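A quick write-up on the structure given underneath.
Quick note: the coordinates plus some simple rules give every number you see, no bench work behind them. This is a predicted model, so every value here is computed, not measured. As a convention, Cβ positions derive from the backbone with ideal geometry for all residues, glycine included, and neighbour counts pool all protein chains shown.
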Amino acid sequence: MEQVYLGLGSNVGDREGTLERALTALGERGLEVGPRSSLYLTEPMDAPPQEWFLNAVAGGRTALAPSDLLRACLEVERALGRVRLVFRGPRTLDLDILLYGDVVQEGPGLTLPHPRLHERRFVLVPLDEIAPAVVHPKLGLTVHELLERCPDPSQVLPYSSPAGPA
């Protein structure tokens, strides 16, 4: 079983519900979901004008190979309504494999660790919440160190559900 970390995002529809359903669906496809970050409200980066995202990071363990985990993520995105019409456009769900153990891989369709992980506050803030001491296998820095050095000026705000606490 490999320790993995996934980024989750949504800016269309029932964002909270979609992220929750995504984790359930990934659990049904071979991911043993572990620690989960809080939700964060984040402004879109390098994208056409659109609503802000809800983002989170989830850790977990899986016996799936990286390509099979990617396939599971894409299946879940499609099952929960993701349609790719506009490059970096609005989406019901975005799932990214951020880290897959200590695997470093570059190939068509999948690069590990995620190639822009260290450049994105909307990923590093929630990842730092649940795994600050995890070391980036290519850069040799902890998640916390990457966050401290991240040049991204975008806003990443703690999110409080409009429905309030359950």
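Normalising the average separation of contacting C-alpha pairs (under 8 angstrom, six or more residues apart) by the number of residues puts the relative contact order of segment 96-164 at 28 percent.
If neighbour count is taken as other Cβ atoms inside 10 Å, put 73, 150 in order from fewest to most.
150, 73
Look at the Cα gyration tensor of the chain: its axes a ≥ b ≥ c give a/c under 1.5, and that counts as rounded. Modelled this way, with points 7 Å down the Cα-to-C-beta line, the labels at residue 61 and residue 87 are 4.1 nm from one another.
Within the listed set 59, 81, 107, the Gaussian network model of the chain (springs between alpha-carbon atoms below 10 Å) gives the highest mean-square fluctuation for 107. Neighbour counting of Cβ atoms within 10 Å sorts the residues 36, 71, fewest neighbours leading, into 71, 36.
Over segment 37-110, what is the mean sequence separation of C-alpha contacts under 8 Å (at least six apart), divided by residue count, expressed as relative contact order in percent? The value is 26 percent.
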